[in-house]
Each structure stands twice: as C-alpha cells, then as structure tokens.
Amino acid sequence: MALQNGELSKELLDSQAHIWNHIFSFINSMSLKCAIQLQIPDIIHRHGAPMLLSELVEALAINQERTPFVYRLMRILVHSGFFVKQSVSTPGGNDEEGGEGYLLTPVSRLLLKEEPLSVRPLLLAMLDPMLMDPWQHLSKWFQNDDVTPFHTTHGKMFWDLAGQEPKLNQFFNEGMASDARLVTSVILKDCRGIFEGLDSIVDVGGSSGTVAEAIAKAFPNIRCISFDLPHVVDGLVGSNNLTFVGGDMFEAIPRADAVLLNWILHDWSDEECMKILKQCRKAIPSKENGGKLIIMDMVVKAEKGVRKMGKALL
C-alpha cells in the first residue's frame, strides 16, 4: 500500500478521491435525467425570472414528502453547470436558500422541450435502461462470443431489436434526429461550401431524414436521398428534392455525387468500416469527376494530456 511504502497521505487520499469520482459519476447523468423528466428546465424557463426553491417545489408534480430533497437535486445540477443561482429580493427574505433563485445556463437551454435545437430526446434515449443495461454486462461480454454487450443483454443485435421493438426504434430515432438538427444547423451555416456544386447527395443511415431534409431545404437544386434500413424509412414521405430509400449499406448504397456518413463509422469494427467505405466508393463518381465522401463522426483528441471526445467534419 502507498502508506506502507512511505508515500504521502495526500497521495493516498487523492487516489481514493479519484476512484470515488469515477464510482459516483453516474449521479450526474441520472440527476440530469431526473430533472428532465420532472421538466425542471421548462418550469424555470416559464417562470421568466430567478426561481426560488420554494417556488420550484410548489410548481413540481412530486410527492410532498420528497420536497426536502429538491434542494439536493438542484445543488448537484448547479455544480454540474446546468443551472446558476442569483440573489432575489424577497419580502422578509425568509426563503430556504436565503433569497437565491435558479436560472438556466446556455447548456440547460438545449434541454427545453420547445427549443428547436433541443438535445433532450438524445439524452432520454442514451440514458434509457435498454441502452444503459448493456454496460452492466460488459465483463460478461468479454468472456463470451457475443458480437456486442447489447446482444449479451438483450439476445439480439441493436439494429435487429430496433426493427422489432417500436419503443426502441422510436426513442433512438428521435434522439438521433435531435442531435442531427443541432449539428446540421452548424454545418449549413459554417460549412456550406462542401455542398456547393453537387447535383445529388445520399445520407447513409439518415434515419427519419432530419439531415437530408435540412440540406434539401438549404439547396433546392440538390437531389437528396435519406437512406436507411427498410423498417426505419417505412412510411416516410419525401418532397420535391427529398426521397427515402430503404436498404442495407453493406450491400449497396444509392448512387449520387456525394455520400454523407453522419455518426455512422464509430458503430462498426475496422473491417465493417472498410466494407461501408467500399460501397461508398461504388456509389459516387471519381474525385476528378466531382465525387465526394463527407464524414462527420466522433474523434478522440489529445489536449494537454486529456482525451476529449468531439465531432469532426472530415
């Protein structure tokens, strides 16, 4: 042990604190999910001014015996940067928090129901038990022959189960659509040049067509295709320059001037990515003839010794 080896007590306690931070890090995401389900961001937003704890408690649809714990929930969320506190002048100044009210931060505004670029659906999808439970079986997956931990947990691959479970298919597609709306708004504002000169583009794994629809509206002269599994696009209706096509990207991708892979490749192994990229190559003209492959995906970037995850346009 560190103390037995003459190490400083501080190092031992720092090591313990580091472990504790990782043990209890789930509290942050679960507290945020709780706040969303209780509609706390929307309640504070509608209040239109710093909201006292007593006012928030009164507005919440909760068991009155739980009201003493609302302060603890909000303390976690303030610490996590989702809310801030501001002094409020109150008659008598007898509020439980000494006249401090809660306000939204720029981050929590992205969790409002009516915010056009809200990521609320993505949060609820990623923190749903169906997607969280596989993490409980990660060690079992390392010891068996299943393709993914999701298969170990649910007995099927994710895409197969999504085709059979409407709830899973719906909340996952809604989550992906919310992410796509935010990212696409930035891309169409700051990176419009990548779409100029194209006559057609196919969004592979386009889900309900959020990205393809945005491109179609921004560039009426581009023929846009949202391509996904048949059960995903079934019943979806396009427009003048937007169509939905069902199929399997491992077998064939509709031909177009450009192929867009938005948050696709990170889901697959290197070998499977190679298969997808080969199908992309078949679907587009050569570079000399204007063919483009546009990849938007997760990247791991080393910065000052810390690895950060983000999204990049390649």
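No value in this document is a laboratory result; all are computed from the given coordinates. Every value quoted in this text rests on a predicted model; they were computed, and no experiment measured them. Counting neighbours? That spans all protein chains shown, and the Cβs are built from the backbone with ideal geometry, glycine included.
Backbone geometry of the range 109-117 corresponds, through the Karplus equation with coefficients 6.51, -1.76 and 1.60 at θ = phi - 60°, to 3J(HN,Hα) couplings of 5, 6, 10, 6, 4, 8, 5, x, 9 Hz, x marking Gly and Pro. Among the listed pairs Lys189/Lys282; Lys33/Lys85; Lys189/Lys217; Lys156/Lys275; Lys113/Lys167, a Cα-Cα separation exceeding 24 Å is found for Lys189/Lys282.
Of the labelled figures (1) 22.7, 70; (2) 23.9, 75; (3) 19.0, 70, only one reflects Rg and Dmax of the Cα atoms in Å as derived from the coordinates, namely (2). Around the Cα centre of the range 151-310, unit charges on the Cβ atoms of Lys, Arg, Asp and Glu (plus for the first two, minus for the last two) sum to a dipole of about 460 debye. Semi-axis lengths, largest first, of the ellipsoid equivalent to the range 134-250 are 33, 16, 12 Å, with √(5λ) applied to each eigenvalue of the Cα gyration tensor. Spin-label pair Asp267-Ala59: with each label point 7 Å from Cα along the Cα-Cβ axis, the two points sit 3.7 nm from one another. Two tests apply to each whole DSSP H helix in the chain, Cα reach of 15 Å or more along its axis and mean Kyte-Doolittle hydropathy of at least 0.5, and the ones passing both are 26-37. Charge tally for Gly205 (other residues, Cβ to Cβ under 9 Å; Lys, Arg +1; Asp, Glu -1): -3. Quick one: go through the range 162-200 and flag any residue whose amide nitrogen is under 14 Å from the point 7 Å out along the Cα-to-Cβ line of Val245. Those under the cut-off are 199-200. Overall, the chain carries a charge dipole of about 640 debye about its Cα centre when +1 sits on the Cβ of Lys and Arg and -1 on the Cβ of Asp and Glu, all other atoms neutral. With 0.36 nm allotted per residue and the present C-alpha distance subtracted, the Val300-Lys217 stretch has 26.7 nm of extension available.
Springs between alpha-carbon pairs under 10 angstrom, Gaussian network model over the chain: which of Leu131, Leu12, Leu265 fluctuates most? Maximum among the listed residues: Leu12. The residues neighbouring Phe219, those whose beta-carbon lies less than 12 Å from its own, together hold a net charge of -1 under the Lys/Arg +1, Asp/Glu -1 convention. When the chain is treated as a GNM with alpha-carbon contacts under 10 Å, the residue of Pro285, Pro68, Pro134 showing the greatest mean-square fluctuation is Pro68. Counted by neighbouring Cβ atoms within 10 Å, the residues His79, His154 run from fewest to most as His79, His154.
Charge tally around Val245: other residues with Cβ under 15 Å, Lys/Arg +1 each, Asp/Glu -1 each, net -4. Shown in residue order for the range 241-249 are the 3J(HN,Hα) couplings computed by the Karplus curve 6.51 cos²θ - 1.76 cosθ + 1.60 at θ = phi - 60°: 10, 10, 10, 10, 10, x, x, 10, 5 Hz (x for Gly and Pro). When the Cα positions of Phe26, Asn173, Ser118 are compared along the charge dipole of the chain, Ser118 comes out farthest toward the positive end, with charges on each C-beta of Lys, Arg, Asp and Glu. Each residue in Ile284, Ile194 was given a count of other beta-carbon atoms within 10 angstrom of its own, and listing them fewest first yields Ile194, Ile284. Remark on Glu100: its backbone amide H falls under 5 Å from those of Val88, a criterion applied only to residues 5 or more positions apart or on other chains, H modelled at 1.01 Å from N.
Let me know the longest stretch in the chain that avoids all GluC sites (Glu not before Pro) found in a DSSP loop with at most 14 other C-beta atoms within 10 Å. It works out to 8-95. Between the range 13-35 and the range 110-166, how far is it from one alpha carbon centroid to the other, in angstrom? Centre-to-centre (Cα) distance: 21 Å.
Close amide H partners of Trp263, meaning residues 5 or more places away or on another chain with modelled amide H under 5 Å apart, are Met296, Asp297.
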